[in-house]
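A.B. asks: Take a look at this one; I'll ask things after.
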Amino acid sequence: MDRLLLPSLSVRNPFLMIFSLTSRMLRTVDPKCLTKIAWNFGYKGARSVMLFKKRMEQGTYFPPFLYISILNSCNLRCQGCWVDVDKPREAISLDELNKIINDGKKHGNAFFGLLGGEPFMHPELLDLLAMHPDCYFQIFTNGQFITAKTADALRKIGNSTPLVSVEGNSTVSDERRGKKDVLNKTLRGLQNCLDAKLMTGVATSLCQTNINDLLTREWLQKLIDMGVHYTWYHTYRPVGPKINDQLALTPDQITQVRRFVTSMRAEMPIAIVDAYYDHQGKALCPMATGISHHIGPTGGLEPCPIIQFATENIRTDRDIFDVFNESGFLKDFRETAARHTRGCIVLERPDLVKDLALKHGAKDTTIRQTAMAELEAMTPRTSQWREEEEIPEKHWMYKIAKRYFYYDFGVYKQLDPKAHSPAL
């Protein structure tokens with residue numbers, strides 16, 4: 001990891017790239033896991049988006065992709081983390097998680113993202129996965145609790161993909177994540193996943209200390225050589241109680257990330273995920289489109305993981321579908337965000353987030369109870385929306401997938417023509 005000296009290899013032919021990626025997955029992923037990916041995530045995931053679009057036409061909103069922070073506890077102390085990892089433990093119980101998932105399944109949902117804290121610190125995580133063989137779960141993890149035994153259990157259940165976070169070389173990882181020997185421990189967990197033939201991804205929150213090492217062709221080739229199947233580039237969001245402005249990317253670096261991702265998708269046999277753009281390169285926010293919302297470790301129904309306010313909670317006898325659909329707070333949040341920016345409303349307009357929370361009497365869902373003060377202390381900055389820097393997808397596969405299943409769903413039709421993304 002510290003010496004990224006592997007040759008820069010790529011597959012220039014896009015069809016050959018797809019063949020290479022597909023054949024690698026067939027060789028290195030357990031057949032049961034492949035079946036679950038194809039049916040629970042592929043077919044059912046696409047179907048859930050189609051149902052979402054039909055509901056939108058009727059004025060009904062229920063996100064096809066729910067992300068759930070199942071607890072706040074974590075063994076690491078990452079720079080800029082917005083989760084209360086150092087506070088008393090809060091967790092969503094197995095019964096509550098089952099209700100969320102069962103309610104979602106009744107309305108066509110099959111995909112759920114599980115976050116923390118560190119999800120593998122939840123004592124009933126494997127029980128949850130085993131109880132829902134008809135769903136697919138993406139687990140955001142630092143990998144350090146994934147032993148060979150745990151990875152084998154995940155393989156036998158077959159319906160989840162670990163997304164292991166790597167934040168840089170050994171020095172950067174220790175600095176970014178607040179502990180010692182972080183990278184080696186994470187890579188051991190990652191290797192256990194690969195040895196168990198799990199569909200495995202690597203996530204990176206790009207920031208000033210790792211962009212030069214990890215936003216590179218050499219790093220992607222290293223992941224391919226290790227056997228990793230996909231990677232997800234986030235960008236560091238300076239929010240929460242310990243904002244580190246020095247880590248934030250500049251506007252030009254944000255464009256650099258987009259340019260790199262679209263180029264490498266057309267050349268490297270590894271899937272590359274992003275959450276900020278459609279097939280034409282137009283910026284979007286999954287929360288504003290309604291395709292995704294978040295449930296925090298205290299049970300609050302939040303617009304997204306970094307907006308820690310809610311007026312509703314999953315601890316109710318009502319169907320979660322109805323709770324989401326009838327939330328005036330979430331509706332107002334989506335519409336306000338879509339009127340003012342194609343980017344991230346939290347980064348660009350923290351004042352609007354504050355106004356919405358006050359207008360609806362939303363509760364601070366953090367344990368620290370300082371979310372409002374944190375908003376007031378934020379300085380507006382550029383997010384993913386740079387209208388003059390729209391970079392379309394190059395690879396036909398990503399272009400088609402996004403055109404039909406990941407775009408703005410028409411929510412930006414009312415975008416204020418005076419709206420713009422602020423410069424740093």
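A.B. asks: Using only alpha carbon positions, build the gyration tensor of the chain, then give the equivalent ellipsoid semi-axes as the square roots of 5 times its eigenvalues, largest first, whole angstrom.
C.D. replies: 29, 25, 23
A.B. asks: Based on the Cα gyration tensor of region 198-283, what are the three equivalent ellipsoid semi-axes, each the root of five times an eigenvalue, rounded to whole Å and given largest first?
C.D. replies: Working from the Cα gyration tensor, I get semi-axes of 22, 16, 12 Å.
A.B. asks: Return the ratio Rg/(2.2 N^0.38 Å) for region 234-393, where Rg is computed over Cα atoms only.
C.D. replies: My calculation over the Cα atoms of region 234-393 gives 1.10.
A.B. asks: Give the accessible surface of the chain per residue, rounded to a whole number of Å², with probe radius 1.4 Å and ligands, DNA and RNA excluded.
C.D. replies: Value returned for the chain: 41 Å² of accessible area per residue.
A.B. asks: How much space per residue, in cubic angstrom, does the convex hull of the C-alpha atoms of region 309-424 take up?
C.D. replies: 154 Å³
A.B. asks: Once the Cα atoms of region 252-318 are picked out, what are the Rg and Dmax in Å?
C.D. replies: 16.4, 49
A.B. asks: Quick one: pull the percentage of alpha-carbon pairs in region 178-246 with a separation above 16 Å.
C.D. replies: Value for region 178-246 (Cα pairs over 16 Å): 58 percent.
A.B. asks: Name the most mobile residue of Pro88, Pro303, Pro286, meaning the one with the largest mean-square fluctuation, in a Gaussian network model of the chain with Cα contacts below 10 Å.
C.D. replies: Pro88
A.B. asks: Report the extension gain between Thr60 and Asp416 in nm, rounded to one decimal, defined as 0.36 nm multiplied by the number of residues separating them, less their alpha carbon distance.
C.D. replies: Length gained, Thr60 through Asp416: 125.8 nm.
A.B. asks: Give, in whole angstrom and from largest to smallest, the semi-axes √(5λ) of the equivalent ellipsoid of region 130-218, with λ running over the eigenvalues of the Cα gyration tensor.
C.D. replies: For region 130-218, the ellipsoid semi-axes come out as 26, 14, 11 Å.
A.B. asks: Related question: I'd like the carbon and sulfur percentage of the solvent accessible area for the chain, probe radius 1.4 Å, heavy atoms only, ligands and nucleic acids excluded.
C.D. replies: Ligands and nucleic acids excluded, carbon and sulfur give 54 percent.
A.B. asks: Right, another one. Rg to Rh ratio, region 283-328, alpha-carbon atoms and Kirkwood radius?
C.D. replies: Checking Rg against Rh, the ratio lands at 0.96.
A.B. asks: Any idea what the alpha-carbon Rg over 2.2 N^0.38 Å comes to for region 274-367?
C.D. replies: Here the Cα radius of gyration is 1.06 times the empirical estimate.
A.B. asks: If you add up the charges near His360, with Lys and Arg at +1 and Asp and Glu at -1, over every other residue whose beta carbon is less than 11 angstrom from its beta carbon, what do you get?
C.D. replies: 0
A.B. asks: Please pull out the direction-averaged projected area of region 67-211, using the convex hull of its alpha-carbon atoms, in nm² to one decimal place.
C.D. replies: Hull-based average projected area comes out at 8.6 nm².
A.B. asks: Using only C-alpha atoms and all pairs of different ones, pull out the Kirkwood radius for region 142-287 in Å with one decimal.
C.D. replies: Computed over Cα pairs of region 142-287, the Kirkwood hydrodynamic radius comes out at 16.2 Å.
A.B. asks: Filter Lys44/Lys156; Lys53/Lys394; Lys87/Lys222 down to the pairs with a C-alpha to C-alpha distance above 29 Å, please.
C.D. replies: Lys87/Lys222
A.B. asks: Within 10 Å, count the other beta carbons around each residue, average over each peptide in 287-293, 23-29, 203-209, and list them highest first.
C.D. replies: By packing density, highest mean first, the sequence is 287-293, 203-209, 23-29.
A.B. asks: Further question: Add -39500 (n - 2.57) for each DSSP H run of 4 or more in the chain, then divide by its residues: what number comes out at 222 nm, to the nearest 500 deg cm²/dmol?
C.D. replies: The helix-only estimate for the chain comes to -11500 deg cm²/dmol at 222 nm.
A.B. asks: Please compute the Kirkwood hydrodynamic radius over region 38-137, one decimal place, Å, based on all pairs of different Cα atoms.
C.D. replies: 14.7 Å
The values are calculated or read from the model by the stated rules, or taken from the named source; none is laboratory data. From a predicted model like this one, the values you see are computed outputs, not experimental measurements. So basically every Cβ, Gly included, is an ideal-geometry build from the backbone, and we count neighbours across all protein chains shown. The protein model used for the area step is the full one, side chains on, heavy atoms only, and it has no ligands, DNA or RNA in it. Shrake-Rupley method; radii C 1.70, N 1.55, O 1.52, S 1.80 Å.
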